[in-house]
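Enquirer: The structure that follows is given in the form of structure tokens.
Since every read-out is calculated from the coordinates, none of them should be taken as a lab result. Quick caveat: nothing in here was measured; it's all calculated off a predicted structure. So basically every Cβ, Gly included, is an ideal-geometry build from the backbone, and we count neighbours across all protein chains shown.
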Amino acid sequence: MRGSGLLDEAVVMQALEAVKDPEIPVVSVVELGIVQAVQVDSASGAVVVSITPTFSGCPALDLMRTAIESCVLDLGASAVRVEVVLDPPWTSDRIAPEARARMQAIGLAPPPPVGRFRTDISLTLEPLLASEDPVPCPYCGSSQTVMENGFGPTICRSAHYCNGCLQSFEAFKAL
Ligand SMILES: [Zn+2]
């Protein structure tokens, strides 16, 4: 497939790094593991992007779809189709380690690894946590935290309070 057209899968995938998750503007849809596959029809220049949304029903899905479409069209694709793939479901283990670090830097605790689909144990930054364990504070690292509200500002996040540095923070839910 490579070579004959202007576009190939790697070029499209690289361009999609510029499409950030609408709810987490510091990480891309590629780093979040939302983009599953890119197919380029080199004859027609048409592109199909397969995505698995982080949470089905996440209101960000439409925004993300539109952003992906315009990104691919900007590359010169003749047409673009965004396909939603729900099986296998997205898991927070698909979030790239660099993206976890950047989420932490903006005070959004990355989800603990859940262990499903993991192929390389060295990818995880934190020790495996049971889901009922407190979420470590992204600011000070303290585990003296309490969940304030299981439903944060979006269904993807939960709200927490750190008794170590007395700050509230959000956590991206593990699933
Ligand atoms: Zn703290």
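Enquirer: Mind checking which residues of region 161-175 are part of a strand (DSSP E or B) and touching a residue at least 40 places away in the same chain (Cβ under 8 Å)? Break it down into steps so the answer makes sense when it comes.
Expert: Of all residues in region 161-175, those part of a strand (DSSP E or B) come to 161-162, 168-172.
Within region 161-175, 169, 170, 171, 172 meet the criteria.
Enquirer: Would you tally the residues in region 13-28 being touching a strand residue (DSSP E or B) at 6+ places or on another chain (Cβ under 8 Å), within 17 Å of residue 74 (Cα to Cα) and of a type in the set (A, V, I, L, M)?
Expert: Of the residues in region 13-28, 4 are touching a strand residue (DSSP E or B) at 6+ places or on another chain (Cβ under 8 Å), within 17 Å of residue 74 (Cα to Cα) and of a type in the set (A, V, I, L, M).
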